[in-house]
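Accompanying notes for the structure given below.
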There are 2 protein chains.
Amino acid sequence: MKLSFAKRMSYIKASEIREILKVTEQEDVISFAGGLPAPELFPIDEINEINQIVLKDAGTKALQYTTTEGYVPLREWIAKRMNERLGTVLDKDNILITHGSQQGLDLSGKVFLDEGDIVVCESPIYLAAISAFKAYGCHFIEIPTDEHGMVMDVLEDVLSRTENIKLIYVIPTFQNPTGKTWSLDRRRKLAKLSSKYGVAVIEDNPYGELRFEGESLPSVKSFDTVGNILCTGSFSKIFCPGFRIGWIAGDKDIIRKYVLVKQSMDLQCNTIAQMTIAEYLKRYDIDKHIGKIVAVYKRRRDIALECMERYFPDTVKFTRPEGGLFTWVELPEGISAREILERCLERKIAFVPGASFFPNGNKENTFRINYSNMPEDRIRKGLHTLGEVVKEYISRSE
Amino acid sequence: MKLSFAKRMSYIKASEIREILKVTEQEDVISFAGGLPAPELFPIDEINEINQIVLKDAGTKALQYTTTEGYVPLREWIAKRMNERLGTVLDKDNILITHGSQQGLDLSGKVFLDEGDIVVCESPIYLAAISAFKAYGCHFIEIPTDEHGMVMDVLEDVLSRTENIKLIYVIPTFQNPTGKTWSLDRRRKLAKLSSKYGVAVIEDNPYGELRFEGESLPSVKSFDTVGNILCTGSFSKIFCPGFRIGWIAGDKDIIRKYVLVKQSMDLQCNTIAQMTIAEYLKRYDIDKHIGKIVAVYKRRRDIALECMERYFPDTVKFTRPEGGLFTWVELPEGISAREILERCLERKIAFVPGASFFPNGNKENTFRINYSNMPEDRIRKGLHTLGEVVKEYISRSE
């Protein structure tokens, strides 16, 4: 007899990014596909030094089990950082350490979603959030986003006439995939609507520390008066992703639910990774380190935008992010980014077609460009080639 | 308006062990409660040395994202080890690296279980497996276990007359909580029944390497002719738990499903932890290291059994494990292990009452003793006191 699997297995599909990333493992491919940080900026020497200190001073603790909630000094640092930077009022008991911010999304699905429930999100939105939530059998309602963020009138209209909405999922700062950042006003309004309609907000914030220009804005969470808003964060983009250390912050009673759920899933995150980050934060100036990352990524963004301006035809539009890792490209209607990708892969250039970022499918004429991972000369070369392919493809289809 | 949570949140409860473990954080408590390895046996110096090598030789890779499947040399080692020790025929594509063996259980729930499905298990069984599966809304049917393992006639009877059984969950070697080990014959029969009735088996094997005496046995997986059996493993008990590195092994098509599910949950396990273990396995003799652990735990088991013999009344029964971390105690009928625990906690002794190990509730007169974590003198002292409390309690209730 054949085995039978859970129903959810029929909605869980391979991520297009992960498949493209396999192609990009070849060294000669110029990849704009992943959201990979620049590895040459990882603080390898500092990590090496601090690992040794942690193992020498507290090796038995660093290698043993710890609590599900996570290492207290790290949770304290995160709460303080969020309060200073994002205008929140949190302490360690508002913080759960997770395997990257990704696990915060999966836990949110597990805590909030029953089959048939609805998640409201920006359109387009982070691909791997779609798969994380979809595994709990939810449907998505996409809300359009203008240059100030999610359009609140449309959101309120949807909230007022739809049952079973359990989560509103947003990335208000340097959004993935568009690079857009919400205005202060939209942040405030989202918090109000969340409270008015009793729907939890997941404010995903893995890129917020990577601002190249413009003014820092308080988080949506900072406008939360009732405890409905949860906010993720991550050390992946400001320290290193290989440690798999992120967090989710929220109301203490809700975080306790997340802790229970995580406990039965994997007990806890890597102990020594948590202690190493905490010790690094004590001994080194993370803002100086973030400053270095920001300088490099800003330069890469500048070059990417300059090349796209120069090499892409005028009918192609793209966003100008104030920070983060991505810009979003819109080709003329009817042009397929997937077909352009095929031609690019032959010429050893990779990116992610935009359709996968729309949970209900859409917009074959879009794609996402990551500019953080490649050195400057390869960005130039890659976008030059990409521009040629795009021009060629468009002129043929006319 | 108040938030509404997923239905599953009503079945997810705090683990009794985790609550007791909080008490045991006080240094003067003698704890037989957790399943903690002895931290004085962690290879701290070796890890320190190897961390430095990994960071120096491949720092950018060790701190970057990697594939969901996990680090190839580590998966290759695991496949080879299982083939040699457990009689399986596996290669790296049969192996997914997980956050400890615990995540293998959670993933199994996610891949196989719909609400209302049934998990068949030994009685009693590992507490945190109950919570992992319960989160997917399943029910449990418990099968009695004698000195050779799960009673196969009862299992076949249940399989033949019950619908919706999706998983059979077992720990055939040094079981948690009983310390029991299944015979070769029972292993073979389980594989046959799994194939006959088309039900997947999760063979949980985190303790299998810790054998003090007796002959090593092939895994249930080694008798799998159709690909229905998945087998977990872990570095937590033979290396260190703080790294959170374990695995699940199974049929390649099924493992691909697990990979998809894990990908949307947390992308991957800690990269440098995987590389450090793989490098350790290349440079050091893990069997020598396991030999050290086994010698210490065997001595602790001997002392624990000797003390229980001496200090416990004759009406109290306990198991004599050939390996692993636990022995299982049965008090006379009607005696409550929870009440004995309360009295013990006043005298700074902790253990886990047995009732939580029965998914459908039962057997208030049982408890689990862990002997791996405390030094010898504290085992003696603790079991002496525990024996006194038990005697006192029993004589009062007569």
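Bear in mind that the values in this text are calculations on the coordinates, not laboratory data. Quick caveat: nothing in here was measured; it's all calculated off a predicted structure. All Cβ positions, glycine included, derive from the backbone under ideal geometry; neighbour counts span all protein chains shown.
Tabulated data
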quantity	calculated
From the options A:LEU159, A:LEU230, A:LEU210, residue that is under 17 Å from the mean Cα position of the chain (by Cα), within 14 Å of another protein chain (Cβ to nearest Cβ) and either farther than 22 Å from A:ASP253 by Cα or of a type outside the set (Ser, Thr, Tyr) (or both)	A:LEU230
Flag for A:VAL199 being touching a residue at least 40 places away in the same chain (Cβ under 8 Å), closer than 26 Å to A:ASP114 by Cβ and touching a Lys or Arg at 6+ places or on another chain (Cβ under 8 Å)	yes
Which listed residue, of A:GLU115, A:GLU147, is charged (D, E, K, R) and under 29 Å from B:LEU107 (Cβ atoms)	A:GLU115
Residues being at positive phi and among the acidic types (Asp, Glu) - total across segment B:189-230	0
Residues being over 26 Å from B:GLN52 (Cβ atoms) and hydroxyl-bearing (Ser, Thr, Tyr) - total across segment B:258-301	3
Positions within segment B:55-77 being over 18 Å from A:LYS22 (Cβ atoms) and either among the aromatic types (Phe, Trp, Tyr) or in contact with a Pro (Cβ under 6 Å, 6 or more places away or on another chain) (or both), in sequence order	B:THR60, B:TRP77
Selection from segment B:349-377 of residues that are buried (at least 17 other Cβ atoms within 10 Å of the Cβ) and more than 20 Å from the chain's Cα centre (by Cα)	B:ILE349, B:LYS363, B:GLU364, B:ASN365
From B:LEU74, B:LEU86, B:LEU55, residue being facing another protein chain (nearest Cβ under 10 Å) and hydrophobic (A, V, I, L, M, F, W, C)	B:LEU55
Segment B:128-156: number of residues that are hydrophobic (A, V, I, L, M, F, W, C) and within 14 Å of chain A (Cβ to nearest Cβ)	7
Exclusive hit being in contact with a helix residue (DSSP H, G or I) (Cβ under 8 Å, 6 or more places away or on another chain) and either touching a residue at least 40 places away in the same chain (Cβ under 8 Å) or farther than 16 Å from B:LEU127 by Cβ (or both), set B:ARG347, B:ARG338, B:ARG301	B:ARG347
Helices (runs of 4 or more DSSP H) completely within segment A:116-228 that count 3 or more residues being under 30 Å from A:GLU16 (Cβ atoms)	A:127-134, A:152-161
Matching residues in segment A:165-186 - criterion: being β-branched (Val, Ile, Thr) and touching a Ser or Thr at 6+ places or on another chain (Cβ under 7 Å)	A:ILE168, A:THR173, A:THR178, A:THR181
Filter pass, B:LEU105 being touching a residue at least 24 places away in the same chain (Cβ under 8 Å) and either over 23 Å from B:PRO241 (Cα atoms) or in contact with a Leu (Cβ under 8 Å, 6 or more places away or on another chain) (or both)	no
Residue list for segment A:1-51, filter: within 8 Å of chain B (Cβ to nearest Cβ), touching a Phe, Trp or Tyr at 6+ places or on another chain (Cβ under 9 Å) and closer than 25 Å to A:ARG347 by Cα	A:GLY34, A:LEU36, A:PRO37
Per-region count, segment A:378-388, residues surrounded by 18 or more Cβ atoms within 10 Å (Cβ to Cβ) and either farther than 20 Å from A:PRO177 by Cα or aliphatic (A, V, I, L, M) (or both)	4
Out of B:SER194, B:SER160, B:SER183, sole residue that is small (Gly, Ala, Ser), surrounded by 24 or more Cβ atoms within 10 Å (Cβ to Cβ) and touching a residue at least 12 places away in the same chain (Cβ under 8 Å)	B:SER194
Qualifying position, being farther than 30 Å from A:SER216 by Cα and aromatic (Phe, Trp, Tyr), among A:PHE358, A:PHE312	A:PHE312
Options A:ALA38, A:ALA6, A:ALA58, A:ALA79: the member that is under 30 Å from B:LYS166 (Cβ atoms) and of a type outside the set (S, T, N, Q)	A:ALA6
Residue check for B:PHE112: in contact with a strand residue (DSSP E or B) (Cβ under 6 Å, 6 or more places away or on another chain), facing chain A (nearest Cβ under 8 Å) and either more than 30 Å from A:ASP45 (Cα to Cα) or buried (at least 17 other Cβ atoms within 10 Å of the Cβ) (or both)	yes
Per-region count, segment B:247-267, residues part of a loop (DSSP other than H, G, I, E, B), more than 21 Å from the chain's Cα centre (by Cα) and more than 7 Å from chain A (Cβ to nearest Cβ)	1
Condition met for B:ILE130 (within 28 Å of A:SER108 (Cβ to Cβ) and either touching a residue at least 60 places away in the same chain (Cβ under 8 Å) or of a type outside the set (Val, Ile, Thr) (or both))	yes
Check on A:GLU203, acidic (Asp, Glu) and in contact with a Ser or Thr (Cβ under 7 Å, 6 or more places away or on another chain)	yes
Subset of segment B:66-110 (residues that are of a type in the set (Phe, Trp, Tyr) and more than 22 Å from the chain's Cα centre (by Cα))	B:TYR71
